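Accompanying notes for the structure given below.
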Number of protein chains: 2
Amino acid sequence: MSQGNIDVPVQVAEVDPEKLEACTLLEVINRVSGKWPIGILLEAMRGPVRFTELERAVEGISRRMLTLTLRNLERDGLLVRTVYPTVPPRVEYEATPMAKELYQSLTGLLGWAERHRESIAAARVVYDGHSAC
Amino acid sequence: MSQGNIDVPVQVAEVDPEKLEACTLLEVINRVSGKWPIGILLEAMRGPVRFTELERAVEGISRRMLTLTLRNLERDGLLVRTVYPTVPPRVEYEATPMAKELYQSLTGLLGWAERHRESIAAARVVYDGHSAC
DNA sequence: CTGGATCCCGAGTGATACTG
DNA sequence: CAGTATCACTCGGGATCCAG
């Protein structure tokens, strides 16, 4: 969707489609990887949620990581941050449509994980020396 | 929203379905996160591939990380390792059907990434102070 | 309440050298 | 060819204290 001009000797660089896939996939994987992004996104998906609510909901996250992760998600346009200049500061975070769409895609992975959860566990037991029998 | 059962003292631990989703997703995300797993999987998906071939194909990976990542993927049953006791040792890795199915799921993420690549880039520019204008 | 600033430790990873 | 071993270093992330 980047052009319609025709007579240009396009230098598309012959990108190997598979390399491109690996790269792009890597970007999105990195975006949601880590312990916290998904948990936070899941909460913010249900509607506006406050900082403290997230702190309790995500469970186990430190204030520092909550802040940092929140900033990154906001930066990528996955979360909107709304500040209400009230006396006790009030800030709400909510997932953007883009983030919700991401979740739809993640569902595919979730399905895969659930379908193969046992297979993987079994594979590990075997690999680890199928000792504890 | 935590129950509807009345008479049974079920010990199902009352797992919040959303927590479960976050957890499972996290497992699979962690499995393929990192710089290397995807690249390796992509190569091994095309057919049996040798250690050295991977070392060149993945490009940028160190021998150490290649070995470690390979071991993890094998452990999870995503890769099969075949050793041919020939004079120069020959080892081949190939993606299992399970891994290929995983790739199908990853495709959903890839689609999302491509659809929103520009939006994200734009969001970042804005967030970063839309300076370099 | 919401977050920024520091300090610090351990896991992850690259570089390099060695081996069956 | 296909790894393994070691070392040094970076960096994520927790703990803690400070601030608007």
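Brief remarks on what is shown
- Looking across region B:83-92, the residues that are in contact with a Lys or Arg (Cβ under 9 Å, 6 or more places away or on another chain) and of a type outside the set (D, E, K, R) come down to B:VAL83, B:TYR84, B:VAL91.
- Qualifying residue in region B:13-29 (condition: over 16 Å from A:GLY34 (Cβ atoms), in contact (Cβ under 8 Å) with a residue 24 or more places away in the chain and more than 12 Å from DNA strand D (Cβ to nearest atom)): no
- Among the numbered conditions (1) at pLDDT below 95; (2) out of contact with any helix residue (DSSP H, G or I) (no Cβ under 8 Å at 6 or more places or on another chain), the only one that A:GLU114 does not meet is (2).
- Where a residue in region B:78-97 is within 14 Å of chain A (Cβ to nearest Cβ) and its partner, wherever it lies, is in a strand (DSSP E or B) and within 11 Å of DNA strand C (Cβ to nearest atom), with Cβ under 8 Å and at least six apart: B:ARG81/B:VAL91
- Subset of region A:42-57 (residues that are away from DNA strand D (no atom under 14 Å from the Cβ), assigned to a helix (DSSP H, G or I) and in contact with an Asp or Glu (Cβ under 9 Å, 6 or more places away or on another chain)): A:LEU42, A:GLU43, A:ALA44, A:GLU53, A:ALA57
- From the options A:ARG71, A:ARG81, residue that is at pLDDT 95 or above and outside any helix (DSSP H, G or I): A:ARG81
- Here B:SER33 meets each of (1) under 26 Å from A:ILE38 (Cα atoms); (2) at pLDDT 90 or above with one exception, condition (2).
- Checking each residue in region A:44-60 for being modelled with pLDDT of 95 or more, hydrophobic (A, V, I, L, M, F, W, C) and over 20 Å from A:LEU102 (Cα atoms) picks out only A:PHE51.
- Subset of region B:80-94 that is more than 7 Å from DNA strand D (Cβ to nearest atom) and more than 16 Å from B:ARG46 (Cα to Cα) - its residue that is surrounded by the most Cβ atoms within 10 Å (Cβ to Cβ): B:TYR84
- B:VAL28 satisfies every condition listed in (1) facing chain A (nearest Cβ under 9 Å); (2) surrounded by fewer than 20 Cβ atoms within 10 Å (Cβ to Cβ) except (2).
- Residues in region A:58-79 that are more than 12 Å from DNA strand D (Cβ to nearest atom) and surrounded by 18 or more Cβ atoms within 10 Å (Cβ to Cβ) were compared, and the one that is farthest from B:ARG124 (Cα to Cα) is A:LEU70.
The values are calculated or read from the model by the stated rules, or taken from the named source; none is laboratory data. Since this is a predicted model, take the numbers as computed values, not measurements. Cβ coordinates were reconstructed from backbone atoms using ideal geometry, including for glycine residues, and neighbour counts include every protein chain displayed.
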